Amino acid sequence: MWMKIARFRTGIRVAYGVVKGDEVIEIRGSIYTKFRMTDARYPLSEVRLMPPSEPMELWCPGLNFADHLEYAGTVLGVETPPIPQHPNPWRKGRNSLTGNNDPIIIPKDSTGEVHYEGEAVAVIGKDCRRISPAQAPRFILGYTCGNDVSERTWQGDDWTFWRAKGSDTFAPVGPWIETDIDAQNLDLMVRINGKQVQNCNTSDMLFTFPEIVSYISQHVTLRPGDMVFSGATGTTTAIRPGDVVEVEIPGIGILSNPVEAEFDINAP
């Protein structure tokens, strides 16, 4: 059944709901098994949209668009990597997860090269272990918008991506989960202050969502709510405090995040 599933806060309560028009209808039960709609309805303008699931892990495939390979080599200070023969997934810190309209915080010790990476994101719907690509769609609840925010200098200097891609607020996701959409034919746009800076289609992914999910599941059990990113395309640029970053996927929605500088608690 087609629907948009949101996780939202109203007052001090956090709940799940189904988005219809400009309202969200609160549900009872689990979005991963069975639920029913209640009579509680809230205008979207009056609730705070949270990250649409509570994942144990976030996974990114790495170098999953051909036109990102040359740029990745430049960032890492190596020759252009060859086209990979299989997915190359890695974990993005769960602490980096943040929601729609929440700020992306530029760390105070950043070199100024914090970049956007607009991506589509699959949300896992049930325990997933050693499945085939053909089976994988049955284990995916739906899809949402994501931003794999990355500090490029740290990405090139460090042995791992622990801070370059895992700093707090470096994984905005939302605004909700779309449960019925063709994940391999999604247009994706990124805008900075209203100006388009990225435009691609998920049909250009080197490895599809089912292939990535299957590959991860051969070694790691994916759990309900876990998120699997698509990978990014093209060349990116830095974002600055005061910017507003939008990741739009028609058919899903718009993920919007203001950019802010980290507050220095030691400043006079």
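Please list, in order along the range 172-183, the HN-Hα scalar couplings obtained from phi with the Karplus expression 6.51 cos²θ - 1.76 cosθ + 1.60 (θ = phi - 60°), rounded to whole Hz, x for Gly and Pro.
x, 9, x, x, 7, 9, 9, 8, 9, 7, 7, 5
Given H placed on each backbone N at 1.01 Å, which residues far from LYS20 in sequence or on other chains put an amide H within less than 5 Å of it?
The list, which skips near neighbours in sequence, is ILE25.
What range in the chain is the longest one free of trypsin sites (Lys or Arg not before Pro) that are in a loop by DSSP and have at most 16 other Cβ atoms within 10 angstrom?
My reading of the result: 131-268 is the longest stretch.
Around LYS126, with a cut-off of 9 angstrom between Cβ atoms, what is the net charge of the other residues, counting Lys and Arg +1 and Asp and Glu -1? Could you put the intermediate results ahead of the total?
On the way: positive: ARG138, ARG223; negative: ASP127.
Once all neighbours under 9 Å are counted, the net charge is +1.
With θ set to phi - 60° and the Karplus curve 6.51 cos²θ - 1.76 cosθ + 1.60, what are the ³J(HN,Hα) couplings of the range 49-64 in order, to the nearest whole Hz, using x for Gly and Pro?
Rounded to whole hertz, the list is 7, 9, x, x, 9, 10, x, 7, 9, 10, 10, 10, x, x, 6, 10.
In whole Hz and in residue order, list the ³J(HN,Hα) couplings for the range 110-122 that follow from phi through the Karplus curve 6.51 cos²θ - 1.76 cosθ + 1.60, θ = phi - 60°; x for Gly and Pro.
5, 7, x, 10, 8, 10, 7, 8, x, 8, 8, 9, 8
Given H placed 1.01 Å from N in the peptide plane, which residues other than close sequence neighbours of LYS165 have an amide H under 5 Å from its amide H?
Those lying under 5 Å, H to H, from LYS165 are GLU151.
Once the other residues with Cβ under 10 Å from the Cβ of PRO258 are scored (Lys, Arg +1; Asp, Glu -1), what is the net sum?
Result for the neighbourhood of PRO258: -3.
Laboratory data are not the source of any read-out in this text; all were calculated from the coordinates shown. Please read these numbers as outputs of a predicted model, since none were measured by experiment. With ideal geometry, Cβ positions are generated from the backbone for all residues, glycine too; neighbour counts draw on all protein chains shown.
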